[in-house]
Amino acid sequence: MKHQPLWIRHASQLVTLAGTSQAPVTGAGMNQLSFIENGSVWLEDGKIVHVGKDEELEAIFGSRRDEARIIDATGKLVTPGLIDPHTHLVHAGSRQNEFNMRLHGATYMEIMNNGGGIHATTSATRVATHDQLFAESKKRLDQFLLHGVTTVEAKSGYGMTLDVELKQLEVAKRLHEEHPVDIVSTFMGAHAVPREYRDHPDDFVELLIREMIPEVARRGLAVFNDVFCERGVFTPEQSRRILEAGKEYGLLPKIHADEIEPYEGAELAAEIGAVSADHLLRASEHGIERMAQSGVIAVLLPGTAFFLMAESANGRKMIDAGVAVAISTDCNPGSSPTVSMPLIMNLGCLKMGMTPAEVLTAATINAAHAIRCADRIGSIETGKQADITIFEVPDYMTLQYRYGVNHVHTVIKRGTVVVSDGRLIEEF
């Protein structure tokens, strides 16, 4: 079914990130946004048809103005739809009690080893019905959309039994089908060692390899396979076995790496050809160097470090070393209960030494590369999916300067307006 064309006009600044779809952006390239002042975009049938100066599009499409819905972007910033490449979207329950525990000095691993953390959310998710998980996750997804996010990656990992992992992935699939935000799914059965396997973790690794991964792949419920490689969770050798098993079934490897201490996670990511290594607060210099050489994308999560009151990953160092950097909320109930990608961009500047241009690159085209979607999203170019966010600020510098505020005015998904004047359009 054909939709009414949309014509975005007179953008104060239109950030296109043109020419970045073929490979993740590295080094000085992360500061090159390719923006157009007084910019204009014509969208039709869910695709971007033309991008340029407003007077250029007036000459081409002026005779069709009466058939289009015109969006006046005067004084506003227009960017690709934001992309969140690392979330734990589908889960039940909350862990606000742990926030108070951390304020009194408890560490992340201490809480988890005493039955809290991932185990607490696993308990809640195991007993939740499909419909309950769907309803709770949809509310989070609505909030992502209100914050300018048009695509998210969503991990399982709060089941650690085959049935519950499948339940999480099936909820993510249903959300993808019924909600405007696109969801790219990751199987993360290796999120923690279940309490019932605490004394024999290798048996759980065997369960993952022989039963869970094959069944997830058979059902086509995930694109990626992820593992939490950390002391007290999965060792580098166990992580290697899990990720290699996923590759045998067509699941692309990702890895939670070097979050709490240097544990050779970045080196393992390079060795196995992971699409991304995520967290990396304690990545070694050698690991960063190996990631740059191997083309592994660093997905950095400044909100998690902020919420855990830890030192952030060194984004500046990684960019200068030639690593492609993406950023994400790490939306999850324990260590980063936020959906605000604009805040994450602010923190990228304030806590990781990145520039305003670099964090926008990291939240759009590099995030798209981190979930293998850069051929269709992440930049504003002819032929790409019409996913666009309009902010009520005049330029990308102001977006980072006015921190901690949701400046989203309009969100367009596949050529349809789904957020207008900062409010959800109910018809979707």
field: Test result for Phe144, under 19 Å from Thr329 (Cβ atoms) and either of a type in the set (Phe, Trp, Tyr) or in contact with an Asp or Glu (Cβ under 7 Å, 6 or more places away or on another chain) (or both)
entry: yes
- request: Check whether at least one residue in region 145-162 is surrounded by fewer than 15 Cβ atoms within 10 Å (Cβ to Cβ) and part of a helix (DSSP H, G or I), and report yes or no.
  value: no
- request: Using the structure shown, decide if Ala172 is under 30 Å from Thr235 (Cα atoms), assigned to a helix (DSSP H, G or I), small (Gly, Ala, Ser) and open to solvent by less than 20 Å² (accessible area, probe 1.4 Å).
  value: yes
task: Of the conditions (1) at pLDDT below 95; (2) assigned to a helix (DSSP H, G or I); (3) open to solvent by less than 50 Å² (accessible area, probe 1.4 Å), Leu57 clears all except one; give me its number.
output: (1)
- line: If you go through Leu300, Leu308, Leu281, the only one that is in contact with a Ser or Thr (Cβ under 6 Å, 6 or more places away or on another chain) and either open to solvent by less than 40 Å² (accessible area, probe 1.4 Å) or of a type in the set (Lys, Arg) (or both) is Leu308
field: Subset of region 121-143 [touching a residue at least 40 places away in the same chain (Cβ under 8 Å) and either open to solvent by less than 50 Å² (accessible area, probe 1.4 Å) or β-branched (Val, Ile, Thr) (or both)]
entry: Thr121, Thr122, Thr125, Leu133, Phe134, Ser137, Arg140, Leu141, Asp142
query: Of the conditions (1) farther than 30 Å from Ala128 by Cβ; (2) of a type in the set (S, T, N, Q); (3) surrounded by 21 or more Cβ atoms within 10 Å (Cβ to Cβ), Thr87 fails just one. Which one is it?
result: (1)
message: I need the full set of residues from region 318-333 which are within 17 Å of Leu360 (Cβ to Cβ) and either part of a loop (DSSP other than H, G, I, E, B) or of a type outside the set (Val, Ile, Thr) (or both), in order please.
response: Met318, Ala324, Ala326, Ser328, Thr329
task: From (1) at pLDDT 95 or above; (2) over 30 Å from Ala245 (Cβ atoms), pick out the condition that doesn't hold for Leu308.
output: (1)
task: Just name the residue that is farthest from the chain's Cα centre (by Cα) out of those in region 222-233 that are hydrophobic (A, V, I, L, M, F, W, C) and either over 12 Å from Lys155 (Cβ atoms) or exposed (fewer than 15 other Cβ atoms within 10 Å of the Cβ) (or both).
output: Val233
Of the criteria (1) open to solvent by less than 10 Å² (accessible area, probe 1.4 Å); (2) in a loop (DSSP other than H, G, I, E, B), which one Gly75 fails: (1)
message: Residues that are closer than 30 Å to Ala11 by Cα, in a loop (DSSP other than H, G, I, E, B) and at pLDDT 95 or above: does region 131-142 have at least one?
response: no
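The values are calculated or read from the model by the stated rules, or taken from the named source; none is laboratory data. Predicted model, so just to flag it, every value in this text is computed and none were measured. Counting neighbours? That spans all protein chains shown, and the Cβs are built from the backbone with ideal geometry, glycine included. Heavy atoms of the whole protein, side chains included, go into the accessibility calculation; ligands, DNA and RNA do not. Shrake-Rupley method; radii C 1.70, N 1.55, O 1.52, S 1.80 Å.
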